[in-house]
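Notes to accompany the following structure.
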Amino acid sequence: MPGRTYEQSSEAGRERMLPVPYARLVDITPTLHDPVAVTSAVPGTQITGVSVALDVSRATAVVNVAKGMITRQNVRNCTGYAGGGGGAENAWRIIQIGDPVFYDASTTMVALGVQLSLAAADNTLVPLANPLYGFVVMLQTETAASFPKGAGGAGSTNLCAVMHI
């Protein structure tokens with residue numbers, strides 16, 4: 001999607017790189033500079049970060065998992081899904097500074113090419129917890145007047161600065 005870049009904060013110590021095999025990623029076809037999550041036996045506890053390098057020959061992504069890094073990412077304003085496996089989005093809200101952002105691998109998100117949303121649970125038949133990815137913060141070029149983003153009654157994808165936890 002246009003406008004998405006790996007634009008992290010310049011504070012010291014905001015890089016913690018981990019090599020992760022594609023097979024251990026929730027999305028086994030990672031895209032450079034996109035949010036990623038490592039698979040886990042316990043839903044909602046996945047390690048999350050941003051892919052900063054892809055080694056196709058070794059099928060490995062280098063993932064920055066640094067706490068406190070700020071990157072510009074697309075965030076969906078979806079907060080919930082209709083019942084049943086693969087349910088469509090059925091709840092939305094405006095995006096405000098400080099809102100929690102989750103790594104969301106729901107089928108509707110995959111179809112949109114977006115990995116982050118405001119939904120704490122996915123759209124599987126028995127909803128599973130989405131891992132907390134971070135919180136919405138202001139870009140250096142934004143002001144309070146830049147918020148809220150999105151609309152409360154309709155789905156939208158919004159470019160946001162997200163501070164990783």
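Remarks
- Compared with the alpha-carbon gap, the fully stretched path from Thr143 to Thr45 is longer by 32.0 nm at 0.36 nm per residue.
- Applying 0.36 nm per residue to the separation of Leu125 and Gln96 and subtracting their alpha-carbon distance, the gain on full extension is 7.5 nm.
- Loop-located trypsin sites (Lys or Arg not before Pro) in region 40-95 (DSSP state other than H, G, I, E, B) with a sparse environment of at most 15 neighbouring Cβ atoms within 10 Å: Lys67.
- Sum of -39500 (n - 2.57) over DSSP H runs of 4+, divided by residues of the chain (222 nm, nearest 500): -1000 deg cm²/dmol
- With at most 12 neighbouring Cβ atoms within 10 Å, loop GluC sites (Glu not before Pro) (DSSP) excluded, longest segment of the chain: 16-165
- Net lengthening on full extension, Ala88/Ile28 (0.36 nm per residue, minus Cα-Cα): 19.3 nm
Laboratory data are not the source of any read-out in this text; all were calculated from the coordinates shown. Computed from a predicted structure; not experimentally measured. In this analysis, Cβ positions are derived from the backbone assuming ideal geometry, glycine residues included, and neighbour counts consider all displayed protein chains.
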